[in-house]
Amino acid sequence: PALGTVVLDASDVTKRFAGLVANNAVNLDVKAGEVHALIGPNGAGKSTFFNMISGVDDPTTGTVSLMGQPMAGKPSRAFARLGLGRTFQHVRLLGQRSVLENVALGAHLRGQRGWVAAMLRTDRAEEAALLAEARRQIERCGLLDYIDTPAASLPLGQQRIVEIARALAGQPSLLLLDEPAAGLRHLEKQSLAKLLSQLRAEGLAILVVEHDMEFVMNLADRVTVLEFGTVIASGTPAAVQADPRVLAAYLGV
Ligand code: ADP
Ligand code: MG
C-alpha cells in the first residue's frame, strides 16, 4: 500500500470480560510508513487489544478493519492473508532449527496449509521458492552471517530479529510486535530500532506494544496510551510525554 494508507483501523473497540471492561471504545489506526506504539501499565488492556486486531479474539462491540475490510468473525489465518505479520511476547522459534528454516516457515504460514504441512515439506519447486524468499528476508534483516545457525544459540536480540524476518517472509503490510525490546541489552535495542526504522522507510505499517519508554519515544511516530482499558492520550511522543494524565498514570504525579 502507498505511504499513508490506513492499513489497520480499530474503531470504538470494546472488550468485556465478566464484570470487567478490558478495552473501552478504543480507536487506533496504523498507516503504511509509520510506527505506532501502544503503551500502558500492566493490566491496561494491551494484550486484549492485540488479540482482537490479530484475529485471536473478537471485540464485544466495535470494528477492526484490515486493508479496508471489516474482520468481524474472521480467523487469524484471514488476517495473515490480508497482510498481518506478527511476533510474540515470548520468542517462538524452533530452537534446534537453523535461522533459514525458521524464516522459511513464515513463508509457509502465509499459505493455508499451516505448520504441520510446512514441516512435512511440499514439492521441490515450492520449497526452493520459499527458501529463496527466506534468504531475502534474512539478508534484509542483516542476519546472513547466521543463516545456518540454530536459532537457540543466538543471543535474544538476534532471536527477536529472526522472528521479525519470519514475519516478513509472509510479505505483510502490517507488522505487530509484542514487546520486542523486552530483555534486550542497549546495543540490541539500537539494532532493533534501526531495523524497524528501515522497515518503516520501506513502507511497512508497524504497531509496537512496548513497556520500554525510551525505546518507544525514540522510535514511534505516534504513541497511544491505555489505562484501565481506556485511551488516555494519543499523539506524537513529545505531546504524549507532556500529557498530565500520562504522567499521573506512570509516575503517580
Ligand atoms: P496488558 O496486556 O495491558 O497487561 P491485558 O489485556 O492482559 O493487559 O488485561 C486487561 C485486563 O483484562 C486485566 O484486568 C486482565 O486481568 C483482564 N483479562 C484479560 N484477559 C482476560 C480473560 N480472558 N478473561 C477475563 N479477564 C481477562
Ligand atoms: Mg500484556
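The table below lists the values:
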quantity: Candidate set from region 59-89 (those that are free of Cβ contacts under 8 Å to residues at least 60 places away in the same chain and part of a helix (DSSP H, G or I)); member that is surrounded by the most Cβ atoms within 10 Å (Cβ to Cβ); calculated: 79
quantity: So residue 183, is it at pLDDT 95 or above and in a loop (DSSP other than H, G, I, E, B); calculated: no
quantity: Evaluation of residue 222 against (1) among the charged types (D, E, K, R); (2) touching a residue at least 40 places away in the same chain (Cβ under 8 Å); (3) within 16 Å of ligand 2 (Cβ to nearest atom) (one fails), failing number; calculated: (3)
quantity: One residue from 56, 26 being surrounded by fewer than 17 Cβ atoms within 10 Å (Cβ to Cβ) and within 16 Å of ligand 2 (Cβ to nearest atom); calculated: 56
quantity: Exclusive hit being within 16 Å of ligand 2 (Cβ to nearest atom), outside any loop (DSSP other than H, G, I, E, B) and either touching a strand residue (DSSP E or B) at 6+ places or on another chain (Cβ under 9 Å) or under 19 Å from residue 106 (Cα atoms) (or both), set 162, 246, 208; calculated: 208
quantity: Qualifying residue in region 168-178 (condition: in contact with a helix residue (DSSP H, G or I) (Cβ under 8 Å, 6 or more places away or on another chain) and either aromatic (Phe, Trp, Tyr) or in a helix (DSSP H, G or I) (or both)); calculated: yes
quantity: Residues located in region 1-47, provided they are within 14 Å of ligand 1 (Cβ to nearest atom), farther than 23 Å from residue 219 by Cβ and touching an Asp or Glu at 6+ places or on another chain (Cβ under 9 Å); calculated: 15
quantity: When residues of region 5-43 are limited to those that are over 18 Å from the mean Cα position of the chain (by Cα) and among the small types (Gly, Ala, Ser), the one farthest from residue 83 (Cα to Cα); calculated: 19
quantity: Sole exception among (1) part of a strand (DSSP E or B); (2) hydrophobic (A, V, I, L, M, F, W, C); (3) in contact with a Phe, Trp or Tyr (Cβ under 7 Å, 6 or more places away or on another chain) for residue 44, by number; calculated: (1)
quantity: Meets criteria (of a type in the set (A, V, I, L, M), touching an Asp or Glu at 6+ places or on another chain (Cβ under 6 Å) and over 28 Å from residue 12 (Cβ atoms)) for residue 165; calculated: no
quantity: Residue match in region 154-162 (condition: in contact with a Gly (Cβ under 8 Å, 6 or more places away or on another chain) and either away from ligand 1 (no atom under 16 Å from the Cβ) or over 30 Å from residue 239 (Cβ atoms) (or both)); calculated: yes
quantity: Count of residues meeting criterion [surrounded by 20 or more Cβ atoms within 10 Å (Cβ to Cβ) and either aromatic (Phe, Trp, Tyr) or in contact with a Pro (Cβ under 9 Å, 6 or more places away or on another chain) (or both)] in region 90-100; calculated: 1
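Here's the yes/no breakdown for (1) modelled with pLDDT under 95; (2) closer than 25 Å to residue 102 by Cα:
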residue	(1), (2)
159	no, yes
190	no, yes
195	no, yes
202	no, yes
214	yes, no
219	no, no
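The values are calculated or read from the model by the stated rules, or taken from the named source; none is laboratory data. Please read all numbers here as calculations on a predicted model, not as lab measurements. Counting neighbours? That spans all protein chains shown, and the Cβs are built from the backbone with ideal geometry, glycine included.
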